[in-house]
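Below: the structure, in structure tokens.
The values are calculated or read from the model by the stated rules, or taken from the named source; none is laboratory data. Remember, predicted model here, so these are calculated numbers, not experimental data. All Cβ positions, glycine included, derive from the backbone under ideal geometry; neighbour counts span all protein chains shown. The protein model used for the area step is the full one, side chains on, heavy atoms only, and it has no ligands, DNA or RNA in it. Shrake-Rupley method; radii C 1.70, N 1.55, O 1.52, S 1.80 Å.
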Amino acid sequence: MQRLLLPIAFACAGLVQAAAPAKPAYQSASYAPGPRPVSAKQLEELGRQLFFDRSLSASGRMSCATCHSPSHAYGPPNGLAAQLGGKDGKQPGTRAAPSLRYLQSVPPFSEHFHDNDGNDSEDAGPTGGYTWDGRADSAHAQASLPLLAANEMANGTPAAVVDKLRRSAAAARFQRLFGSDIFSHPAQAFDKAALALEVFQQNPREFYPYDSKYDAYLRGQAKLTAKEARGLKAFNDPDKGNCASCHISQRSESGAFPAFTDYGHIAVGAPRNPELAANRDSHYFDLGLCGPARTDFKNRGDYCGLFRTPSLRNVASRKTFFHNGAFHDLRQVLRFYAERDTRPGKWYPKGKDGKVAKFDDLPARYQANVNMEAPFGGKAGGKAMFSERDIDDMLAFLKTLNDGYKPAVRGKS
Ligand code: HEC
Ligand code: HEC
């Protein structure tokens, strides 16, 4: 992981010091007081301050942490399918807020799949990018989305954000780092704020601590219980969960710990969620890669319904699941995987014709995009792909992916 941090540190240094002379400014004869080169540490501290600063939202009540709560693995603190935001704090979102943990290795979006070690894989298909549809190429690019979005922090324009920054508690720090006239250059100031947020989110202790029980197990420092071990087996087993085919559970060839995702974009056919306000319009569909949030693939029918496979780290601490928050109970998600195709009537409502409207969150013409590989693809009326006992075991295993595992003190366990 250290390996990954370096390019970021360089990139930041490069961006911030672009105009600086080769020699440190204070050593040069023409030294004049002004902004010094900014260190990654200073950016991180500024980013932390901005992340929690509610004054940066139009309502004055919302910060990044409102939706990405540090005590919930930087995921949502509640079970809402989508969070409320906007000027009045009442504008509903259209998607579940993801955890911001373990995003440090998300590759930039690409239409071609790469494996965990960056090699081209035979498995072709869109991969990577930030957000559920991969439309932001970095946490840096991502930050501007919520700051501006009308149903989130609702600032509308970068200039409006900078105006708030100028009056925020972070203003003095901002000027110390980037020069006293930084706020007269709104585009630059906005960019620095996004950069600071990005650097904050690269902080390993908070964003990728690798301190779950499963990590301790991989390091040989903890034993899984019999139940957790059975759960891991069922999770990996191609004839049961086959979960690890997308949610990678093993260390990569280079030894990197697993992110529990291969970052691939896949349609799993999550049921339509009537809790989402946008879904009151029966013509509205969130089609992921092919739009409407993303616009570059609006003519790619074969991309409709695809969403980026999320990490399952800390998933047992969430109360809302899938891009549309269709589920609120992890056990239900596992049952959905076991029975989506064997008992569709349990998961999808009936259509006007009285038949089960399978894949009801996708217009009929895109339903063929839905993934049919194991654990999917069972025959309607057939046996579930794995049992309720497997589900119990897998739930126990998934809990080992929660961060903050405290090994039992020797002699006390
Ligand atoms: C109103 C709730 C809300 C607020 C406030 C918010 N976010 Fe988010 N965040 C979301 C949602 C919802 C998504 C998924 C968006 C999508 O897929 O289109 C998301 C996605 C992200 C992602 C991408 C995660 C991934 O898995 O690719 C990052 C990074 C992120 N937010 C950072 C931030 C930062 C930084 C701030 C503050 C500047 C912020 N968010 C404020 C709700 C919020
Ligand atoms: C073919 C790839 C694939 C397989 C196999 C797969 N998943 Fe997923 N998983 C996904 C994708 C893609 C999503 C997001 C779908 C969406 O939001 O529409 C997802 C979402 C989830 C979520 C919700 C996470 C969140 O933050 O909302 C859970 C939990 C989950 N999967 C568990 C499992 C388990 C357990 C298995 C095995 C029984 C499994 N998955 C098999 C691709 C896969």
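Quick notes
- Some residue of the stretch 362-376 being of a type in the set (D, E, K, R) and free of Cβ contacts under 8 Å to residues at least 40 places away in the same chain: no
- Tabulated pairs, the stretch 59-86, first basic (Lys, Arg), second more than 10 Å from ligand 1 (Cβ to nearest atom) and at pLDDT below 95, C-beta under 9 angstrom, 6+ apart or interchain: none
- Failed item in (1) more than 16 Å from Thr131 (Cβ to Cβ); (2) of a type outside the set (Asp, Glu); (3) outside any helix (DSSP H, G or I); (4) near ligand 2 (Cβ under 10 Å from one of its atoms), with Ala316 passing the rest: (3)
- The stretch 204-247, residues that are within 16 Å of ligand 1 (Cβ to nearest atom) and under 16 Å from Leu401 (Cβ atoms): Phe207, Tyr208, Cys246, His247
- Residues that are within 16 Å of ligand 2 (Cβ to nearest atom) and open to solvent by 50 Å² or more (accessible area, probe 1.4 Å) within the stretch 80-93 comprise just one, Leu80.
- Of all residues in the stretch 44-79 being of a type in the set (Phe, Trp, Tyr) and assigned to a loop (DSSP other than H, G, I, E, B), the one that is nearest to ligand 2 (Cβ to nearest atom): Tyr74
- Each residue in the stretch 352-398 was checked for being aromatic (Phe, Trp, Tyr) and part of a loop (DSSP other than H, G, I, E, B), and 3 of them qualify.
- Among residues of the stretch 379-395, those that are surrounded by fewer than 19 Cβ atoms within 10 Å (Cβ to Cβ) and closer than 21 Å to Ala234 by Cβ, counted: 9
- Checking each residue in the stretch 244-292 for being within 11 Å of ligand 2 (Cβ to nearest atom) and of a type in the set (Gly, Ala, Ser) picks out Ala244, Ser245, Ser249, Gly264, Ala267, Gly269, Ala270, Gly288.
- Listed by position, the helices (runs of 4 or more DSSP H) contained in the stretch 193-306 that have at least 2 residues being touching a residue at least 40 places away in the same chain (Cβ under 8 Å) and surrounded by 20 or more Cβ atoms within 10 Å (Cβ to Cβ) are 213-218, 226-236.
- Qualifying residue in the stretch 369-385 (condition: touching a Cys at 6+ places or on another chain (Cβ under 7 Å) and of a type outside the set (Val, Ile, Thr)): yes
- Selection of the stretch 324-351 for residues being in a loop (DSSP other than H, G, I, E, B) and either modelled with pLDDT under 95 or not small (Gly, Ala, Ser) (or both) yields Asn324, His328, Asp329, Arg340, Asp341, Thr342, Arg343, Trp347, Tyr348, Pro349, Gly351.
- Any chance Ser110 is farther than 19 Å from Ala150 by Cα, away from ligand 2 (no atom under 12 Å from the Cβ) and open to solvent by 20 Å² or more (accessible area, probe 1.4 Å): yes
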